[in-house]
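Down below is the structure, laid out as structure tokens.
The values are calculated or read from the model by the stated rules, or taken from the named source; none is laboratory data. Quantities reported herein were computed from a predicted structural model and do not represent experimental measurements. Glycine also receives a Cβ, built like all others from the backbone with ideal geometry; neighbour counts cover every protein chain displayed.
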Amino acid sequence: MPLIMLLLGLIFMSLCLPTAAQISSGSIRDASEYQGVTSDAQLNKLKAILKQPESSMDLARVKLSIDHMIDPKIDEQEVLARLDAMANEVRRLYPANSSKQIAVETLRAYLHGPDPKHPRPFQYDLDDPLGTKVSNKLLATYLRTKKGNCVSMPILFVILGQKLGIDVTLARSPEHIFVKYRDEQGRLFNLETTSGGFPRMDASYQRDTPMTPQALTNGVYKRPLSKRESAAAMAETLRQHFFEQGQVPRGLAVASVMLEHSPNDAPTMASKGYGYWLLEQKNFHTQYPNPNAMPRELRPYLLDMQEKQALWRSKAEALGWREPDRLQGDRYRQIVNKARSPS
């Protein structure tokens, strides 16, 4: 009996585990490897954008170049001209020798009101408050509709602020982007563009979107991003676009480029784990609802997908990232729905 059981076990192992002859060493590689990465014009353009010296970076051009990859109908030069015109209009609203505080307050009023000369200010889009639609994150969409989200709103503020010589940049909290402003005394302030561009205390962000001590220590959240890191953060919309279009390997390639220039970007690490999960669903669970029907030569690839999901999630968690609280998200949507309802 023991001999029979041993033979049965060996037969079972031969069915489950591919031999070296069946699977070459070269084939057990990154199963999501995007073979066209070196010839992909959009990815090469993104790499070039993020590699340029920070002194040469214009965040308006960066944002519009990325947006154009998503929607080729965007007229980049037209939008750039409008942004320059907006900055010049704001500049004329305060004396040339004014403090940066006057400049930032003027910009805030220009964009978000109250300003008698601009009775229809830019507002938070209550129809898509979380910016789940990629099209609503595009700068051209925001300028046209004057309805934005926590991606388009802070980006426009920072673009115009930097054109005006104001020390502003982007910063993150969980699933959110906001503005960091440094005054002439070197003090840092949070400006919340989804709430009129007014200052917001650190404790308020911590209350609404709790952040672990590790995430704060590692600079994942609340830290003012460098210009290069801000540019990399803008590519998140392109990553989302590729995922939603079913071009997951391209989205993973975008995430890899982002991480080259923003190595502590834990949310992007988590998104890579999600991308490998999408590939697992598409290539394995959808094709083989019954796992026993899966060809044995594909099993190493399935294992590869699962290992990479765990790897990237663990990398994100090691930096202090945690899965978003869905109950908290539901509460936020209830607040938004209440705000949308007529009083």
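Please determine whether any residue of region 287-295 is in contact (Cβ under 8 Å) with a residue 24 or more places away in the chain and out of contact with any His (no Cβ under 9 Å at 6 or more places or on another chain). Please lay out each step first, then the result.
Of the residues in region 287-295, the ones in contact (Cβ under 8 Å) with a residue 24 or more places away in the chain are none.
Among the residues of region 287-295, not one is in contact (Cβ under 8 Å) with a residue 24 or more places away in the chain and out of contact with any His (no Cβ under 9 Å at 6 or more places or on another chain), which makes the answer no.
Just to verify a result, which residue in region 135-166, among those that are in contact (Cβ under 8 Å) with a residue 40 or more places away in the chain and small (G, A, S), is farthest from D125 (Cα to Cα)?
Going through the qualifying residues, I end up with G165.
Which condition does P263 not pass, out of (1) within 27 Å of L64 (Cβ to Cβ); (2) in a helix (DSSP H, G or I), if it passes all the others?
(2)
If a residue has to be farther than 19 Å from P249 by Cβ, hydrophobic (A, V, I, L, M, F, W, C) and within 23 Å of the chain's Cα centre (by Cα) to count, how many in region 263-309 make the cut? Before you say what the answer is, go through the steps one by one.
Initially, region 263-309 is screened for residues farther than 19 Å from P249 by Cβ, giving 263-267, 288-297, 299.
The next check asks that each one be hydrophobic (A, V, I, L, M, F, W, C); those that pass are 266, 293-294.
Adding the requirement that they be within 23 Å of the chain's Cα centre (by Cα) leaves 266.
Here the count works out to 1.
Within region 1-94, which helices (runs of 4 or more DSSP H) (wholly inside it) include 2 or more residues that are under 30 Å from L138 (Cα atoms) and modelled with pLDDT under 50? Reasoning before the result, please.
Details: elements: 2-16, 41-51, 59-70, 76-91.
Answer list for region 1-94: none.
Can you name every residue in region 135-155 that is within 16 Å of the chain's Cα centre (by Cα) and not small (G, A, S)?
In the first step, residues of region 135-155 are kept if they are within 16 Å of the chain's Cα centre (by Cα); the result is 135-139, 148-155.
Selection gives N136, K137, L138, L139, N149, C150, V151, M153, P154, I155.
Just for helices (runs of 4 or more DSSP H) wholly inside region 95-208: which have at least 2 residues that are crowded, with 18+ Cβ neighbours inside 10 Å and either modelled with pLDDT of 95 or more or in contact with a Phe, Trp or Tyr (Cβ under 9 Å, 6 or more places away or on another chain) (or both)? Give the derivation first.
Working: elements: 100-112, 139-145, 152-163, 202-208.
Ranges flagged: 100-112, 139-145, 152-163.
Of the residues in region 193-225, how many are acidic (D, E) and over 17 Å from Q328 (Cβ atoms)? Steps first, answer last, please.
Of region 193-225, the ones acidic (D, E) are 202, 208.
Okay, now just the ones that are also over 17 Å from Q328 (Cβ atoms), so 202.
Count: 1.
Regarding region 260-272, can at least one residue be identified that is among the small types (G, A, S) and within 15 Å of L43 (Cβ to Cβ)? Lay out the reasoning, then the answer.
Taking region 260-272 and keeping what is among the small types (G, A, S), we get 262, 266, 270-271.
Restricting the remaining residues to those that are within 15 Å of L43 (Cβ to Cβ) gives none.
Checked against the condition, which is being among the small types (G, A, S) and within 15 Å of L43 (Cβ to Cβ), region 260-272 yields no hits at all.
On the given criteria, is L303 assigned to a helix (DSSP H, G or I), free of Cβ contacts under 8 Å to residues at least 12 places away in the same chain and either among the aliphatic types (A, V, I, L, M) or in contact with a Gly (Cβ under 7 Å, 6 or more places away or on another chain) (or both)? Spell out the reasoning first.
On the way: assigned to a helix (DSSP H, G or I): yes; free of Cβ contacts under 8 Å to residues at least 12 places away in the same chain: yes; either among the aliphatic types (A, V, I, L, M) or in contact with a Gly (Cβ under 7 Å, 6 or more places away or on another chain) (or both): yes.
Taking the combined requirement at face value, the residue satisfies it.
What residue, among those in region 226-273 that are touching a residue at least 60 places away in the same chain (Cβ under 8 Å) and hydroxyl-bearing (S, T, Y), is surrounded by the fewest Cβ atoms within 10 Å (Cβ to Cβ)?
S226
Name the residue, out of L139, L188, that is touching a Lys or Arg at 6+ places or on another chain (Cβ under 8 Å) and either among the basic types (K, R) or under 25 Å from A81 (Cβ atoms) (or both). Please lay out each step first, then the result.
On the way: L188 fails: either among the basic types (K, R) or under 25 Å from A81 (Cβ atoms) (or both).
That would be L139, the only listed residue that is touching a Lys or Arg at 6+ places or on another chain (Cβ under 8 Å) and either among the basic types (K, R) or under 25 Å from A81 (Cβ atoms) (or both).
Could you tell me which residue of region 274-330 is surrounded by the most Cβ atoms within 10 Å (Cβ to Cβ), considering only residues that are of a type in the set (D, E, K, R), under 24 Å from P210 (Cβ atoms) and out of contact with any Ser or Thr (no Cβ under 8 Å at 6 or more places or on another chain)? So that I can check it myself, show each step before the final result.
Step one: of region 274-330, the residues of a type in the set (D, E, K, R) are 280, 282, 296-297, 299, 304, 307-308, 313, 315, 317, 322-323, 325-326, 330.
Right, trim to under 24 Å from P210 (Cβ atoms) and you get 313, 315, 317, 322-323, 325-326, 330.
Still in the running and out of contact with any Ser or Thr (no Cβ under 8 Å at 6 or more places or on another chain): 313, 315, 317, 323, 325-326, 330.
Values: R313: 20, K315: 16, E317: 18, E323: 10, D325: 14, R326: 8, D330: 9.
Here the residue is R313.
Against the conditions (1) in contact (Cβ under 8 Å) with a residue 12 or more places away in the chain; (2) in contact with an Asp or Glu (Cβ under 6 Å, 6 or more places away or on another chain), where does I70 fall short? Just the number, please.
In the conditions (1) in contact (Cβ under 8 Å) with a residue 12 or more places away in the chain; (2) in contact with an Asp or Glu (Cβ under 6 Å, 6 or more places away or on another chain), I70 misses (2) alone.
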